[in-house]
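This report refers to the structure that appears directly beneath it.
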């Protein structure tokens with residue numbers, strides 16, 4: 001069956017036109033219909049046993065109407081024309097103006113995908129998925145005798161989406177996504193520690209022959225064991241160097257959310273009105289790329305049917321572009337940058353990051369440690385958050401090291417790092433040439449909607465960040 | 001409210017699963033309507049209506065478990081999904097605890113989770129509440145020129161549960177909420193404050209004017225904030241912050257995490273894990289509680305469980321499976337939605353109220369009063385705690401300047417044993433709450 005055929009059976013160009021006509025019957029600047037069907041497989045392995053196997057099959061369609069800053073949204077869990085028409089009527093009730101006469105005529109668009117998957121991973125047979133999990137479990141346990149438990153979660157999904165918009169777009173896309181997380185716990189003499197390894201992305205079925213799941217699991221096991229012996233993290237402001245790859249969660253929280261068009265348009269983001277001005281060290285360039293190979297945030301089109309793109313958001317310290325969806329772009333007099341994303345058909349699109357990273361610099365990563373007499377090296381990060389009004393952000397470090405006289409010395413346990421976006425971004429002293437973008441673990445939550453994202457960076461050095469350990 | 005055929009289909013599919021080789025099966029149908037309006041500067045920014053209907057079906061064969069969920073109720077699709085799931089179930093490992101509940105004695109008391117007045121609310125009413133909350137916010141202070149938004153909404157949810165042994169059980173629950181986030185501006189500085197009230201019954205909801213006012217107080221309190229130097233001092237968590245902290249601590253009480261050695265409370269039953277002033281309760285039967293339900297997601301009756309009694313760890317919280325593994329009665333904490341397996345979660349989970357709140361601040365010579373926690377911070381495996389906070393500095397028993405950009409850190413075991421005061425201000429605006437609590441000493445990580 002063709003991609004999205006089941007969606008197309010209900011929502012062809014003609015029925016989409018009728019739904020959008022109904023949605024705009026009371027007026028409004030714009031309407032869209034978004035239909036989605038997912039097939040999801042989840043397997044949990046805990047204590048060496050396949051704990052549960054899940055198939056999920058959610059599907060439905062939602063209709064949005066907006067007039068300037070006002071949005072109406074309703075959806076149906078039933079993919080039936082009459083139910084979607086009902087949703088269109090509910091969504092239209094937000095608008096209280098004269099009816100619109102212009103006929104709507106959507107045309108099918110085909111956009112080039114950012115990369116092509118020949119045989120995507122979710123299509124791998126179930127027995128092979130189970131085999132990967134069993135091998136990871138054994139490898140994590142073998143890493144250290146103090147490993148007492150391992151939990152591994154595997155999820156894959158095939159997501160078909162269909163978008164029809166009153167500005168004439170009609171697109172269908174299929175998106176594949178796989179993620180595996182492995183969490184070993186170590187215990188010794190009353191101390192406990194946990195490790196984490198993640199694998200996946202929008203990948204091919206032979207992915208697990210090209211990366212070694214055993215290596216990843218072993219590293220997580222060693223990390224759990226290492227944390228048993230690690231000392232307490234320091235407290236206070238000091239020089240900080242953040243490791244490449246997943247460390248990009250730092251830029252995601254500190255500047256990324258502030259660049260999103262909704263806060264900018266409302267004037268609630270601290271980056272509102274700063275386009276074209278210096279917001280960071282001239283060493284810093286920030287890119288949001290919806291087409292990064294295998295990235296969790298990658299797709300052909302966003303959830304409003306706009307083709308994704310590579311956006312340079314900060315160019316050598318100057319704010320060069322916000323990250324925009326259609327509605328906020330219109331309100332700001334700009335064009336969408338392909339960042340209108342939604343968690344599912346039950347949610348309206350809002351501006352979101354895709355794969356966001358600090359672009360590579362010129363420094364040798366090792367040289368970034370030199371000259372630091374006492375500082376903190378964040379080798380493995382956790383999650384973070386930001387309040388975009390103030391720019392105050394935090395990100396958790398799962399594992400770190402003391403930097404003493406330009407060298408990594410003692411390992412320390414996790415701690416949170418905090419700062420203010422604009423202050424912290426001025427304090428960048430050096431950026432490595434070792435850019436890595438993580439495609440395996442990012443999930444970003446905003447306004448009750450979770451979406452998969454990629455983050456990345458090279459090694460980055462800051463003159464000062466506040467480290468929140470217990471040790472003064 | 002649910003499309004009636006769906007309820008019948010859910011039963012039919014379960015029975016069909018049993019005929020196709022599932023020895024036991026359980027169906028969980030969730031049907032809900034959510035309406036929310038968001039208002040900003042007097043104008044409706046969002047009107048959202050969500051009518052949800054989803055089915056979760058668990059099947060068991062030879063003590064192996066499989067699960068499927070869907071919103072597609074076409075009979076052919078359901079049949080196909082059941083068959084696929086049964087065949088995938090053969091790949092799972094048999095586990096003794098994979099067994100569904102055989103009977104359910106539902107409470108005969110009215111737990112008061114369904115308020116017809118909430119069901120009656122129309123979008124215009126929600127707009128009216130939001131408008132008066134926003135207007136009262138603007139009226140408070142000239143430094144409040146805008147809001148991020150004001151949100152008002154309702155949810156009406158209906159649960160249908162049945163399994164191989166238990167005939168169909170159902171209940172309906174309502175929720176109404178009102179939340180304001182004004183932005184205070186002074187010089188170039190902008191700070192927001194949020195105050196949210198959430199209740200089962202409309203009559204229990206704080207007046208919109210109060211919500212606007214409390215949110216403004218929070219935003220204004222944050223103006224002019226800055227870091228303080230690093231120090232080890234007494235730290236007070238105001239009630240809302242303490243509730244967020246308690247939420248982070250919850251996984252430590254999960255019996256699954258205890259069994260798998262992922263909890264700092266593993267092996268601590270019967271021991272003192274907190275100071276004698278601390279009693280922690282999980283109560284799924286509390287009248288009008290936001291976490292109250294007649295039965296949990298796998299058909300276990302809900303209970304009031306004293307988890308920590310005057311500092312001593314008395315019980316872990318269980319799903320049916322962990323209760324069976326540890327040979328204890330289930331606590332009714334198998335929490336789920338139709339699209340997830342039951343996981344051990346809180347019902348109404350709280351630190352019980354103590355004596356006086358004001359005294360907690362007055363007794364501190366020099367310390368930090370924390371009103372907000374941000375991001376992740378509680379590691380219930382290793383027992384480490386480190387989090388971004390904001391609040392006010394305490395000098396000689398009084399609140400002085402506003403503080404932000406700092407962290408607090410400690411070891412959870414020492415922190416809990418070091419709680420030397422519990423306030424009386426317990427207020428159920430969420431299903432996980434705490435009164436104000438004071439830690440004898442924590443590390444505050446500050447600026448240079």
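When the scattering of region A:191-287 is computed by the Debye formula from its Cα atoms alone, each counted once and equally, what is log10 I(q)/I(0) at q = 0.17, 0.23, 0.24 Å⁻¹? After summing over all Cα pairs, the log10 values are -1.00, -1.21, -1.26. In plain terms, if you count all Cα to Cα distances in chain B and split them into 20 Å steps from zero, the share in each step is 23, 51, 25, 2 percent. Per residue, the average separation of C-alpha pairs within less than 8 Å and at least 6 apart gives region B:134-186 a relative contact order of 45 percent. In a GNM of chain B with a 10 Å cut-off on Cα contacts, which of B:79, B:431, B:348 has the highest mean-square fluctuation? For chain B, modelled as a Gaussian network with Cα springs under 10 Å, the answer is B:79.
The overall shape of region A:293-398 is prolate: from the C-alpha gyration tensor, with semi-axes ordered a ≥ b ≥ c, the ratio a/c is 1.5 or greater and a/b exceeds b/c.
Centroid-to-centroid, using Cα positions, region B:26-62 and region A:53-102 are 14 Å apart. Principal-axis analysis of the Cα atoms of chain B puts helix B:239-249 at an angle of about 40° to the longest axis. Scaled to the globular estimate 2.2 N^0.38 Å, the Cα spread of region A:1-154, given as radius of gyration, is 1.53. Once the Kirkwood radius over Cα pairs is known for region B:351-418, the Stokes-Einstein relation at 4 °C and 1.567 mPa s delivers a diffusion coefficient of 97 µm²/s. Remark: chain A is approximated by an ellipsoid whose semi-axes, taken from the C-alpha gyration tensor as √(5λ), come to 41, 29, 17 Å, largest first.
Classify region A:119-208 as rounded, prolate or oblate, taking a ≥ b ≥ c as the square roots of the eigenvalues of its Cα gyration tensor: rounded when a/c is under 1.5, otherwise prolate if a/b is larger than b/c and oblate if not. It is prolate, given that a/c is not under 1.5 and a/b is the larger ratio.
Over all projection directions, the Cα-based convex hull of region A:242-351 averages an area of 7.2 nm². When the P(r) of region B:58-184 is calculated, the portion above 18 Å amounts to 72% of the C-alpha pairs.
Going from the residue with the fewest nearby Cβ atoms within 10 Å to the one with the most, A:399, B:217 rank B:217, A:399.
Distance between the C-alpha centers of region A:433-472 and region B:96-169? Whole Å please. Between the Cα centres of region A:433-472 and region B:96-169 lies a distance of 35 Å. Among B:131, B:61, B:95, the largest mean-square fluctuation in a Gaussian network model of chain B (Cα springs under 10 Å) belongs to B:95.
For region A:191-235, the relative contact order comes to 59 percent (Cα pairs under 8 Å, sequence separation of at least 6).
Relative contact order, whole percent, for chain A stands at 16, derived from Cα pairs under 8 Å and 6 or more residues apart. Taking every residue in B:404-414 and counting other chain Cβ atoms within 10 Å of its Cβ, the average works out to 5. Considering every alpha-carbon pair of region A:27-96, the percent of pairs per 5 Å bin, from zero through the bin containing the longest distance, is 4, 16, 19, 13, 11, 9, 7, 7, 6, 4, 2, 0.
The translational diffusion coefficient of region B:175-254, from Stokes-Einstein at 4 °C and 1.567 mPa s with a Kirkwood hydrodynamic radius over alpha carbon pairs, comes to 85 µm²/s.
Which of rounded, prolate, oblate describes region B:264-393, given a ≥ b ≥ c as roots of the alpha-carbon gyration tensor eigenvalues and a/c under 1.5 marking rounded, otherwise prolate only if a/b is larger than b/c? Since a/c reaches 1.5 and a/b is larger than b/c, the shape of region B:264-393 is classed as prolate.
Remark: B:171, A:377, A:322 ranked as B:171, A:377, A:322, counting other beta-carbon atoms within 10 Å and listing the fewest first. The protein assembly as shown gives an Rg/Rh value of 0.94, both radii derived from C-alpha positions and Rh following Kirkwood.
Any idea what angle helix A:213-229 forms with the longest principal axis of chain A, computed on alpha-carbon atoms, 0 to 90 degrees, nearest 10? The angle comes out at about 50 degrees.
The angle between the Cα long axis of helix A:126-142 and the longest principal axis of the Cα atoms of chain A comes to about 20 degrees, rounded to the nearest 10. Per-residue ellipticity at 222 nm computed for the protein assembly as shown from its helices equals -6000 deg cm²/dmol, with DSSP H segments shorter than 4 residues left out and the rest contributing -39,500 (n - 2.57). Residues B:177, A:246, ranked from the fewest to the most other C-beta atoms within 10 Å, line up as B:177, A:246. Compute the distance from the alpha-carbon center of region A:306-377 to that of region A:216-248, in whole Å. One Cα centre to the other: 25 Å. Note on chain B: GNM, Cα springs under 10 Å; of B:386, B:107, B:402, the largest mean-square fluctuation is that of B:107.
Remark: C-alpha extents of region B:1-135 on the principal axes read 61, 37, 28 Å, sorted largest to smallest.
Measuring r between the beta carbons of residue A:367 and residue B:108 and using R0 = 60 Å, the FRET efficiency lands at 0.25.
Where a number appears in this text, it was derived from the coordinates with a stated rule and is not lab data. Note that the structure is predicted; figures quoted are calculated from it, not measured. Quick reminder, even Gly has a Cβ in these numbers, built from the backbone with ideal geometry, and neighbours come from all protein chains shown.
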